[in-house]
Structures are given as structure tokens and as C-alpha cells.
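A.B. asks: Have a look at the structure that comes next, please.
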Amino acid sequence: MRFGYCEICLDHDTGARHPETADRLRAIRRGLSKRHAVAYESGRLADTAALEAVHDPGYVAAVEEFCADGGGTWDADTVAVEATWDAARAAAGLACWAAEAALDGADGRDTPFAIGRPPGHHAEGDEAMGFCFFNNAAVAAGRALERDDVDRVAVFDWDVHHGNGTQEICYDRSDCFYASVHERGLYPGTGDALETGGPDAGRTTLNVPLPGGSGDAAYATVVEELVGPALKRFNPDLLLVSAGFDAHRHDPISRMRVSTEGYGRLTELVRGVAADCGAALAFVLEGGYGLDALADSVGMVHEVFDGREPVVPDDEVGDDAESVIDDVRDAHDL
């Protein structure tokens, strides 16, 4: 894979006790250094126009001013320092780089993966929350939709938390599909299966709120039976994966049971979905707070594109998870 990385992202200092720290990127880089054929691109800072394409201009200005004044606590979970302004623009810019590279033909072993921070999928059009200031995947989707060769973009979010921000930004758009598999009842409490899109964008939002304890088989089934068929019907030109790794069984802030091999299987399935749709494919980092699990999982994604065949899950889909999958299938007529 080709990874997007910018040193500026390390300067976003959240403090020693915050789970979203620069050590996440350092751990990923250390893990990738043990593997061959890893290339990095620095991207560029997202400009104001790219941010304002999906965020309220007054909100963008407020974030800039907040950081210029030294930052502080935006809310209980979301903190900033002066350097956060550039770090957040770098993370959004890396996501744009990933989308543009994919659309320009980067695939196979050159498939792009933006590993920036702060993450983005909780950032709404006019509000920061959940560690996020700018919605990196949404900014990249907005930039992609400005191209003459792009009519529709899809975002598949496998972070353990529901991406309320991405859903809010895309909810009323018929040219942007948002799919999320997440842990039911976890922060921020959104992402019900019955949320399927606004009045003019019916069935362009697909939420799969799985019960805690769901593992590899449940996640693979979601892609095979729900996300894949829904995206084939939507027929996107670009598929962005909001790749959080906090559903890992060794992550400290969730109850899910996805293994490192399970993320490999998810990657293999998503690659197949993109191929079936004829869509360009790119990855954008979201969460993941167990450093070893995060590094191993990103490394697994890389290895799948380098030729590794991941193990097919041998666990079972629980009855509760199967019921959720059935409900979503009915809601989307899949």
C-alpha cells in the first residue's frame, strides 16, 4: 500500500491521559517498518474551501480561532492546542490525497491509506466532538465529487463507534452513501438501523448496530450480505473506508471481538466489493486505541494488498447479531 503520513499530525497534543495520542501513529509506523514495500506520501494541508465544502464556514473559522488562542477543552472528549489547526488540516488533506490517488488509478499494492490524526468521523457540519474536528472522510468525499469523473461516493465505516458526523453530512445527499457497522449503545448513541437517509436520499444510509461481543463472522456477514449488495445497487465511483480498529478484541474501549485476522478478512471482502462496483478504493484512519492491536491491524490491511490471504472466520454469528442483520436487510430490501 501507499500510506499518507504527515509529521504535523504528531503535534496535535491531547495530553498524557487521553486515548487519542500521537503514539497511535508512532505505533503504526513502527509496525509497518517491519514489513517490506511500505511507501509514504506527505499530502498537503486541506485548504479552507475543501473544509467549507462540508463544514459550516463559521465553524471552520471558530476552530481556527480556538487553536490560534492556544486551544483548550472544546468538549469533555475533544481538546486542542495551537498546532491542532494545522494537524487537523493535514489529516483532512491526507484523506483527500487518498481519494484522489485512488481515483487517478492507484490500486493493488498502491492502494492508498491515509494515516492522519485527529480522526474525523464524529465531526458534524458545525460541531467538533469525539476527538474529531474536521470530518476527514467527508472532506475527501466532497473533494472527489467535484471531479467530472465522479458522480457518487460511498463511505464504509467499520470503526466500533457510529460515525454520526459522516452520517449527518451525507444524510440528505443522494450522491453520497454512508454505511456503518458499530457497537450498539456505544458513544455517541446514534446509528439506528431505521436511519436510512433523508427524504431526498432514501436508502443511502445503512447502519448495522451489532451487539457487544460480535466478532469476525458477524462483521464478515455484514459486508457480504448487507454492505456489498447495497453498494452494488448504489454503484459508487469511489469507496472510502473509514478504518477504525477499535472493534479489535484487545482494544481497551469496546466489547467487540474482531481479531487481527478478522480485519484482514474485512479488507479482502471490501476489496472485492469495490471491484464488483468498479469503484476506486481508499482507506482513512479513524479510531483504534490499543497500540499493539492498532499497529497489527493496519499491518494486516497492508499485507492483504501485498498478497496475504487472511483466514476465513471460524466463529459463529450470534442470534442477536443475526436478528440485527435481518432487520437491516428488511429496511433496505436487500
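The values are calculated or read from the model by the stated rules, or taken from the named source; none is laboratory data. All of these numbers come straight from a predicted model, not from anything done at the bench. Neighbour counts run over all protein chains shown; Cβ positions are idealised from the backbone, glycine included.
A.B. asks: Among the residues of the range 90-136, which ones are surrounded by fewer than 24 Cβ atoms within 10 Å (Cβ to Cβ) and of a type in the set (K, R)?
C.D. replies: R109
A.B. asks: Checking Q167 against (1) within 14 Å of V54 (Cβ to Cβ); (2) outside any helix (DSSP H, G or I), which test does it fail?
C.D. replies: Among (1) within 14 Å of V54 (Cβ to Cβ); (2) outside any helix (DSSP H, G or I), the lone unmet condition for Q167 is (2).
A.B. asks: Follow-up question, since we're still on this one. Of the conditions (1) farther than 16 Å from M256 by Cα; (2) in contact (Cβ under 8 Å) with a residue 60 or more places away in the chain; (3) outside any helix (DSSP H, G or I), L226 clears all except one; give me its number.
C.D. replies: Of everything listed in (1) farther than 16 Å from M256 by Cα; (2) in contact (Cβ under 8 Å) with a residue 60 or more places away in the chain; (3) outside any helix (DSSP H, G or I), L226 misses just condition (3).
A.B. asks: Of all residues in the range 137-154, which are under 12 Å from A279 (Cβ atoms), out of contact with any Cys (no Cβ under 7 Å at 6 or more places or on another chain) and crowded, with 24+ Cβ neighbours inside 10 Å?
C.D. replies: Hits for the range 137-154 are A144, A154.
A.B. asks: Test of understanding: among D320, D326, D292, D296, which residue is assigned to a helix (DSSP H, G or I), at negative phi and free of Cβ contacts under 8 Å to residues at least 12 places away in the same chain? Even if it seems obvious, please write down each step before you answer.
C.D. replies: Working: D320 fails: free of Cβ contacts under 8 Å to residues at least 12 places away in the same chain; D292 fails: free of Cβ contacts under 8 Å to residues at least 12 places away in the same chain; D296 fails: free of Cβ contacts under 8 Å to residues at least 12 places away in the same chain.
Step by step, each of D320, D326, D292, D296 is checked, and only D326 is assigned to a helix (DSSP H, G or I), at negative phi and free of Cβ contacts under 8 Å to residues at least 12 places away in the same chain.
This table checks each residue for (1) among the basic types (K, R); (2) touching a His at 6+ places or on another chain (Cβ under 7 Å).
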site	(1), (2)
H161	no, yes
N164	no, yes
Y171	no, no
Y178	no, no
V181	no, no
R184	yes, no
D192	no, no
G197	no, no
A201	no, no
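A.B. asks: Need pairs with beta-carbon distance below 6 Å; first residue surrounded by fewer than 24 Cβ atoms within 10 Å (Cβ to Cβ) and within the range 241-257, second basic (K, R) and in a loop (DSSP other than H, G, I, E, B); sequence gap 6+ or separate chains.
C.D. replies: Sorted first by the residue in the range 241-257, then by its partner, the pairs are R257/R249.
A.B. asks: Here's another thing I want to ask about it. Condition first: modelled with pLDDT of 95 or more, surrounded by fewer than 16 Cβ atoms within 10 Å (Cβ to Cβ) and either at positive phi or among the acidic types (D, E) (or both). Now tell me which residues in the range 26-60 satisfy that.
C.D. replies: D47, D56
A.B. asks: Now for a separate question. Looking only at the range 310-323, decide whether some residue is under 25 Å from A141 (Cα atoms) and among the small types (G, A, S). Break it down stepwise before answering.
C.D. replies: Residues of the range 310-323 under 25 Å from A141 (Cα atoms): none.
No.
A.B. asks: Further question on the same structure: Going by the structure shown, is R203 assigned to a loop (DSSP other than H, G, I, E, B), of a type outside the set (V, I, T) and surrounded by fewer than 20 Cβ atoms within 10 Å (Cβ to Cβ)? Before the answer, list the steps.
C.D. replies: Working: assigned to a loop (DSSP other than H, G, I, E, B): yes; of a type outside the set (V, I, T): yes; surrounded by fewer than 20 Cβ atoms within 10 Å (Cβ to Cβ): yes.
In short, yes.
A.B. asks: To continue, here is another question. So in the range 42-95, with the set limited to residues that are in contact with a Ser or Thr (Cβ under 7 Å, 6 or more places away or on another chain) and of a type in the set (A, V, I, L, M, F, W, C), which one is nearest to A282 (Cα to Cα)?
C.D. replies: Filtering the range 42-95 for residues in contact with a Ser or Thr (Cβ under 7 Å, 6 or more places away or on another chain) gives 60, 67, 71, 79.
From the residues that got through so far, the ones that are of a type in the set (A, V, I, L, M, F, W, C) too are 60, 67, 79.
On the way: V60: 25, C67: 29, V79: 28 Å.
Checking each candidate, the answer is V60.
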